[in-house]
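Novice: Would you mind keeping the following structure in view while I ask a few things?
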Amino acid sequence: MTVGLLVSVMLPLVGMLSMGMDTSLKAGINTVGSRITSQLMGEVQQAKWEELDRWNDRTFYFDDQGLVIRDAGQEGMAAFTAQVKVSNEGVTLTTQSSQKNEWQRKVTTVVSPANGKRGEQLLNDALTALAEGKPMPASVRVGHSLVTKTSKDT
C-alpha cells in the first residue's frame, strides 16, 4: 500500500519536473534571442545612413550567452543564427497613404535558436512567413524598427 501511494505521488511530480525544464529552456531561448535582437537593432541604429545597405542580408552567429562569434572557424559552435534585413529607402507609414517617407528605413532582425543548416532553414522559413503574412515559427525571434535619417547623417 505504501509503494502504491509513493508511486501515485511521485509520477505526477516527475511529469511536472520535465514540463518545468522545458519551460525553463524556452524562457532562456527567448531571453537570449531578445538580447541579440536588441544588440543588432542598436548597432544598425548607430550606423551612418549611407552605410545601412551594408547591414542588409548579413548573417551573424552567437554563442549560448548571446555573444557574437567573430572567428569564422567557430561558427559551427554557434547556438543562435541571426540575420538583418534593411528595406530600401522610403517607408509607407500608413495604409491610407501611398506617399513614402524617404527619411526612414525599416529594419528587421530574425534570430533562430539553431546553427548551421537548421538555423539557416529557420531564418528562411521566418522571412518567408513574414513576406507572406503567415504565422512565424514559434522558436524564432523577430524584431522590427525604423531608422530615421537625421541631420547628423548628412
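Novice: Being touching a residue at least 40 places away in the same chain (Cβ under 8 Å), closer than 20 Å to L130 by Cα and not hydroxyl-bearing (S, T, Y) is true for just one of V110, V91. Which residue is that?
Specialist: Residue meeting the stated conditions: V91.
Novice: If you don't mind, there's one more thing I want to ask. Looking at the range 122-145, which of its residues are in contact (Cβ under 8 Å) with a residue 24 or more places away in the chain and assigned to a helix (DSSP H, G or I)?
Specialist: Those that are in contact (Cβ under 8 Å) with a residue 24 or more places away in the chain and assigned to a helix (DSSP H, G or I): L122, L123, L127.
Novice: When you scan the range 34-50, how many residues do you find that are touching a helix residue (DSSP H, G or I) at 6+ places or on another chain (Cβ under 7 Å) and of a type in the set (S, T, N, Q)?
Specialist: 0
Novice: Looking at G76, G33, G42, G119, can you tell me which residue is part of a helix (DSSP H, G or I), in contact (Cβ under 8 Å) with a residue 24 or more places away in the chain and surrounded by fewer than 16 Cβ atoms within 10 Å (Cβ to Cβ)?
Specialist: When all the criteria are applied, what remains is G76.
Novice: What single numbered condition from (1) modelled with pLDDT of 85 or more; (2) assigned to a helix (DSSP H, G or I); (3) closer than 18 Å to R141 by Cβ; (4) hydrophobic (A, V, I, L, M, F, W, C) fails to hold for A82?
Specialist: Going through the list (1) modelled with pLDDT of 85 or more; (2) assigned to a helix (DSSP H, G or I); (3) closer than 18 Å to R141 by Cβ; (4) hydrophobic (A, V, I, L, M, F, W, C), A82 breaks only (2).
Condition check ((1) buried (at least 18 other Cβ atoms within 10 Å of the Cβ); (2) in contact with a Ser or Thr (Cβ under 9 Å, 6 or more places away or on another chain); (3) of a type in the set (D, E); (4) modelled with pLDDT of 90 or more) across all residues:
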site: L67; (1), (2), (3), (4): no, no, no, no
site: V91; (1), (2), (3), (4): no, no, no, no
site: S98; (1), (2), (3), (4): no, yes, no, no
site: E102; (1), (2), (3), (4): no, no, yes, no
site: V110; (1), (2), (3), (4): yes, yes, no, yes
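Novice: Just the residues that are more than 23 Å from T148 (Cβ to Cβ) and in a helix (DSSP H, G or I), please, taken from the range 45-73.
Specialist: A72, G73
Novice: Residue by residue through the range 45-58, note down the ones that are within 16 Å of the chain's Cα centre (by Cα) and either hydroxyl-bearing (S, T, Y) or surrounded by 13 or more Cβ atoms within 10 Å (Cβ to Cβ) (or both).
Specialist: W55, N56, R58, listed by residue number.
Rundown of residues vs (1) at pLDDT below 90; (2) over 22 Å from V111 (Cα atoms), yes/no style:
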residue	(1), (2)
V9	yes, yes
V14	yes, yes
L17	yes, yes
D22	yes, no
I29	yes, no
W49	yes, yes
R54	no, no
T59	yes, no
A72	yes, no
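The values are calculated or read from the model by the stated rules, or taken from the named source; none is laboratory data. Being a predicted model, the structure only gives us computed values, none of them experimental. Please note: Cβ atoms are built from the backbone with ideal geometry, for glycine as well, and neighbour counts cover all protein chains shown.
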